[in-house]
1. Placing +1 on the Cβ of each Lys and Arg and -1 on the Cβ of each Asp and Glu in the chain, which of Ser70, Ser29, Gln4 has its Cα farthest towards the positive end of the resulting dipole?
2. About the Cα centre, and with charges only on the beta carbon of Lys, Arg (+1) and Asp, Glu (-1), how big is the dipole of the chain? Nearest 20 debye, please.
3. All other residues with a Cβ under 11 Å from the Cβ of Pro57 taken together, and with Lys, Arg as +1 and Asp, Glu as -1, what is their net charge?
4. Tally Lys/Arg at +1 and Asp/Glu at -1 over every other residue whose Cβ is under 12 Å from the Cβ of Ser32; what's the total?
5. Between the stretch 87-118 and the stretch 10-71, what's the alpha-carbon centroid distance in Å?
6. List the chymotrypsin sites (Phe, Trp or Tyr not before Pro) in the stretch 32-118 that DSSP assigns to loop (not H, G, I, E or B) and whose Cβ has at most 15 other Cβ atoms within 10 Å. Which are they?
7. Would you check the accessible area of Lys75, probe 1.4 Å, heavy atoms only, in square angstrom rounded to 10?
8. Rg (Å, one decimal) plus Dmax (Å, integer) for the alpha carbons of the stretch 56-118?
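The values are calculated or read from the model by the stated rules, or taken from the named source; none is laboratory data. Because the structure is predicted, anything quoted here is derived from the model rather than measured. Don't worry about glycine lacking a Cβ; one is built from the backbone with ideal geometry, like all the others, and counts go over all protein chains shown. Each accessible area value is taken on the protein alone, full model and side chains, heavy atoms only, with ligands, DNA and RNA left out. Shrake-Rupley method; radii C 1.70, N 1.55, O 1.52, S 1.80 Å.
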Amino acid sequence: VQLQASGGGLVQAGDSLRLSCAASGRTISSYSLGWFRQAPGKEREFVASINWRVGNPRYADSVRGRFTISRDNAKNTVYLQMNSLKLEDTAVYYCAGRLVSSVRYDYWGQGTQVTVSS
């Protein structure tokens, strides 16, 4: 599966932003898609994920209640709606995919920069 992330940008603290991840290639219904992020000097961390066929969204504690992951079946696109953005949300955000039978994310899109300023 090929993944194309977009939607990053520069926003102020408290603002909202929506990231998109367009998926193409193999049968997307066999995958879970997720968002990860990596801030400067830090390790990449899990943000959110969703099972394409059944939903079941999951979130990191740091974003739960502020971020929402969703999917559009018709567009083969996963979204990450980010509200009440904080300075610490600044990072490069990556879209990733894994087969639902796997625990490892094997497919990665390019990153999209999200910068939150005060």
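1. Of the options given, the answer is Ser29.
2. 320
3. Summing Lys and Arg as +1 and Asp and Glu as -1 gives +3.
4. Net charge in that neighbourhood comes out at +4.
5. For the stretch 87-118 versus the stretch 10-71, the Cα centre distance is 7 Å.
6. Filter output for the stretch 32-118: empty list.
7. The value for Lys75 is about 130 Å².
8. 13.1, 42
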